[in-house]
Amino acid sequence: MKTESRARGQSVPIETWTYETVESVETTLRHYLAPVILGAEPSDLAGVHARMDRAIRPSFSVGQPLCKAAVDLACYDLWGRQTNRSVSEILGGARQRQIKLSWTIQSPAISEAESQLALATTGGYDSFNIKIGYPQTSQYDLQLVQTVCNFAPGGFHWADANTSYDVETALAMAPKLADARLRGLESPLPPNLMRGYQALERQGALPILMDEGIISPVEVDEFIALKMLDGIAMKVARCGGLWNASRIVALLRGNNLLVFGSGLTRSGSVTGGYRASFRMGRIRYPDRPQRAAVHRRAGHDRSGIPRQWRHDPGPDRARARHYCRCPRGEIAEHRGTGLDGRVAASEALIGYPAA
């Protein structure tokens, strides 16, 4: 999506991850959203989203959130260009000049994981996100986590199960992962297993982060009230764009919870949205795209999570690793989202500490 002033927004659905497809995004934008947003003021994000929600009704979701995120990001980009400000300035301004990145380990074999760890260290990485869950066994998951934590005992490491555990397995694994010195567990269960998340919270072995279930501020408010989580690995596109993302961050900050900034696409424009999000400013990728997130557990004495950052190449891991050479990203300022329209080869994101 482009405007006459060269502002951009982009949506890159991954149908195996969410219900939207390239075809559904195109038809929704062309036939339903475009007609209702024409003439809207780009700085009136509440009004733009109200128009889109009247055209495509929310349910237990934003309603075509990836498609709406493209419009949302284009509005922020246009607003920034019109006022000669970066989106981070619109959202409150960058809070630091540099972030530390880390690396994702995903492998069905320990020997391959060890090779990935060795490769990461050549680029200066010492902290890792570990993909666990199906099709791996829980025994292998524990061995993989132990391998990573023993390899880099001074790093910051957490695991993402991508909702693949059942409640019994998650409750059995969480204390074992904590004993292995893991610092957090992301998306252990499908989001509709609400009592399972509550049980994990009562168990208290590890900070529990939700991801796939975070689809609007309404659900976030309910999940917090139900004591289902310690924080969120939030995907800006999944919740319909930066306007909803900023409202979710406000809820988390108000409840002293942990924020993971997260991505789901390989899109240059969505990358810009993550870079601009959460009043943190944006990463200036050194010639190639990178993915980063902040993890900070504020005011919660059982986690001990410091400010740490991660690199996670996302679905194109084998290819994206070759793009991610620098373990640090610099905050930069450009008008709007600072995009030139090039499509990234990896996911990109930036996190905001809820403190």
#### Entry: Residues of region 177-197 satisfying the condition of being surrounded by fewer than 17 Cβ atoms within 10 Å (Cβ to Cβ) and more than 22 Å from the chain's Cα centre (by Cα)
179, 181, 195
## Note on the structure
Among 288, 202, the single one that is farther than 18 Å from residue 12 by Cα, surrounded by fewer than 24 Cβ atoms within 10 Å (Cβ to Cβ) and at pLDDT 50 or above is 202
### Message
Against the definition (of a type outside the set (S, T, N, Q) and farther than 30 Å from residue 66 by Cβ), how does residue 180 come out, yes or no?
### Response
yes
### Query
Do we have any residue at all in region 148-168 that's over 23 Å from residue 111 (Cβ atoms), part of a helix (DSSP H, G or I) and either in the same structural domain as residue 125 (by TED's automatic domain parsing) or of a type in the set (Ser, Thr, Tyr) (or both)?
yes
### Summary
Among (1) surrounded by fewer than 20 Cβ atoms within 10 Å (Cβ to Cβ); (2) among the hydrophobic types (A, V, I, L, M, F, W, C); (3) in contact with a Cys (Cβ under 6 Å, 6 or more places away or on another chain), residue 25 falls short only on (1)
### Query
Quick one: what pairs do we get from region 186-204, first residue more than 18 Å from residue 61 (Cα to Cα), second among the polar types (S, T, N, Q) and assigned to a helix (DSSP H, G or I), C-beta under 9 Å, 6+ apart or different chains?
188/169
### Summary
Those residues of region 234-244 which are hydrophobic (A, V, I, L, M, F, W, C) and assigned to a helix (DSSP H, G or I) amount to 242, 243
### Query
Of the residues that make up region 166-176, is at least one touching a residue at least 60 places away in the same chain (Cβ under 8 Å), surrounded by 19 or more Cβ atoms within 10 Å (Cβ to Cβ) and closer than 21 Å to residue 259 by Cβ?
no
### Task
Tell me, please, whether a residue that is within 30 Å of residue 182 (Cβ to Cβ), assigned by TED's automatic domain parsing to the domain that holds residue 235 and aromatic (Phe, Trp, Tyr) can be found in region 17-34.
no
### Task
Taking only region 195-233 into account, find how many residues are more than 28 Å from residue 49 (Cα to Cα) and outside any loop (DSSP other than H, G, I, E, B).
10
### Message
Need the failing condition index for residue 15 against (1) part of a helix (DSSP H, G or I); (2) of a type outside the set (S, T, N, Q); (3) surrounded by fewer than 18 Cβ atoms within 10 Å (Cβ to Cβ), just the number.
### Response
(1)
### Selection within region 220-238 - out of contact with any helix residue (DSSP H, G or I) (no Cβ under 9 Å at 6 or more places or on another chain) and in contact (Cβ under 8 Å) with a residue 60 or more places away in the chain
233
### Task
Considering every residue within region 45-59, establish whether at least one is in contact with a Cys (Cβ under 6 Å, 6 or more places away or on another chain), within 22 Å of residue 213 (Cα to Cα) and crowded, with 17+ Cβ neighbours inside 10 Å.
no
### Matching residues in region 60-82 - criterion: being of a type in the set (Lys, Arg) and surrounded by fewer than 24 Cβ atoms within 10 Å (Cβ to Cβ)
81
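The values are calculated or read from the model by the stated rules, or taken from the named source; none is laboratory data. As the structure is a prediction and not an experimental result, all values here were calculated from the model. With ideal geometry, Cβ positions are generated from the backbone for all residues, glycine too; neighbour counts draw on all protein chains shown.
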